[in-house]
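The structure under discussion appears below in the form of structure tokens.
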């Protein structure tokens with residue numbers, strides 16, 4: 001027998017919500033949203049990404065309650081969670097009510113006050129899921145025109161197999177923050193003998209919390225010694241390109 005919590009309210013929308021849209025939807029349906037601290041709302045307004053998961057669900061004699069964990073990734077790398085309680089114990093005929101709490105202890109207190117039938121221990125069907133954890137970011141990202149940075153990086157790539165299509169479109173639409181780190185070599189400088197090679201990782205944080213990297217090879221292994229930029233979707237492809245260029249230059 002399935003747990004009859006209101007799944008319709010939690011079906012993903014036709015297009016992915018931004019963290020701001022998801023927060024607005026939660027606040028709009030919560031009966032107690034006015035009780036949430038202003039500081040919490042201000043922090044969530046600047047969130048980079050969010051994750052929602054069912055924490056537990058209980059059904060008994062036509063009454064039900066469900067709890068959801070909504071976690072946002074903030075710009076400073078911290079995670080902030082709101083707990084949502086959904087139940088129909090106040091008026092089963094009028095559909096579920098939604099409440100939001102800033103910590104799990106408040107959630108437990110709110111859950112304990114819900115009226116449940118005396119036969120709940122025999123009929124209650126608990127479902128408990130481990131809440132999904134947002135992965136720790138691998139980089140120290142800065143939200144600074146990141147989609148434009150991806151656009152400029154791809155525009156200056158001279159290799160014909162540079163990333164394009166869905167990957168490029170994803171970065172141009174949803175890159176929210178980025179970090180550049182040097183993985184190999186030194187910056188190319190004029191006046192040095194022999195070709196110069198440098199490898200940079202351009203790591204992007206997307207609005208859905210995913211991390212995607214583009215790998216930039218800068219070198220002077222060209223017939224006239226001019227500076228050239230190539231961009232690849234993987235580090236292996238970038239290093240293989242450097243090896244090919246170095247072999248042909250030698």
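The values are calculated or read from the model by the stated rules, or taken from the named source; none is laboratory data. What you are looking at is a predicted structure, and each value in this text was computed from that prediction instead of being measured. We place every Cβ from the backbone using ideal geometry, glycine too, and count neighbours over all the protein chains shown.
Things to note:
- Close pairs (6 angstrom Cβ cut-off, 6 or more residues apart or separate chains): in a loop (DSSP other than H, G, I, E, B) in segment 159-182, surrounded by 18 or more Cβ atoms within 10 Å (Cβ to Cβ) anywhere: 159/230; 162/231
- Look at segment 48-72: where a residue is outside the structural domain of residue 20 (by TED's automatic domain parsing) and on the phi < 0 side of the Ramachandran plot, no partner that is assigned to a strand (DSSP E or B) and surrounded by 21 or more Cβ atoms within 10 Å (Cβ to Cβ) sits 6+ places away or on another chain with Cβ atoms under 9 Å.
- Test: residue in segment 177-194 that is buried (at least 19 other Cβ atoms within 10 Å of the Cβ) and modelled with pLDDT under 85: yes
- When 154, 134, 100 are checked against the criterion of being surrounded by 11 or more Cβ atoms within 10 Å (Cβ to Cβ), within 27 Å of residue 209 (Cβ to Cβ), outside the structural domain of residue 200 (by TED's automatic domain parsing) and modelled with pLDDT of 90 or more, 100 stands alone in meeting it.
- Residue list for segment 227-239, restricted to those being surrounded by fewer than 13 Cβ atoms within 10 Å (Cβ to Cβ) and either modelled with pLDDT under 85 or under 32 Å from the mean Cα position of the chain (by Cα) (or both): 234, 236
- Positions within segment 42-53 being exposed (fewer than 13 other Cβ atoms within 10 Å of the Cβ) and touching a helix residue (DSSP H, G or I) at 6+ places or on another chain (Cβ under 9 Å), in sequence order: 45
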